[in-house]
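J.: Can you keep this structure in mind? I'll have questions shortly.
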Amino acid sequence: MGLFSLTVGLPFAPIRALIRLGEMLQEQAELELRHPAAVRRRMEEVEEARLAGEISEEEAARAMAEIIEQMMVQPDLSGAASPDRSEEGE
């Protein structure tokens, strides 16, 4: 069965590699998005825009809430099966 699955699965190897590359790029982007320096920079930009009068207090509060919400949502980057990813391998 190993030889059969290798023979049949070999043509799909580039597709699987491309999918894995996309997953790795997404993971890296999410890590950089949640990096403390990036979060602080975005919060400072919002505060500078508020002080310059470019956005209102409400818009600044909304933007800060969005930044904090993005930071709080932790994706499953360990590769372990989570409830929404457990069906991918089956």
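The values are calculated or read from the model by the stated rules, or taken from the named source; none is laboratory data. Since the model is a prediction, treat every value here as computed from it, not as a measurement. Glycine gets a Cβ as well: all are built from the backbone with ideal geometry, and neighbour counts include every protein chain shown.
J.: Residue 12: aromatic (Phe, Trp, Tyr) and at pLDDT below 85, yes or no?
T.: It is false that residue 12 is aromatic (Phe, Trp, Tyr) and at pLDDT below 85.
J.: OK, next. Which ones in segment 1-11 are assigned to a helix (DSSP H, G or I) and exposed (fewer than 10 other Cβ atoms within 10 Å of the Cβ)?
T.: Passing the criteria: 2, 3, 4, 5, 7, 8, 10, 11.
J.: Out of the residues in segment 20-38 that are of a type in the set (A, V, I, L, M, F, W, C) and surrounded by 12 or more Cβ atoms within 10 Å (Cβ to Cβ), state the one that is modelled with the highest pLDDT. Don't jump to the end; show me each part of the working.
T.: The first filter runs over segment 20-38 and keeps only residues of a type in the set (A, V, I, L, M, F, W, C), leaving 21, 24-25, 29, 31, 33, 37-38.
After this cut, where a residue has to be surrounded by 12 or more Cβ atoms within 10 Å (Cβ to Cβ) as well, the list is 31, 33, 38.
Working: 31: 84, 33: 81, 38: 87.
Only one residue fits best here, namely 38.
J.: Still on this model: Please count how many residues of segment 39-72 are within 21 Å of residue 29 (Cβ to Cβ), surrounded by 13 or more Cβ atoms within 10 Å (Cβ to Cβ) and among the hydrophobic types (A, V, I, L, M, F, W, C).
T.: 6
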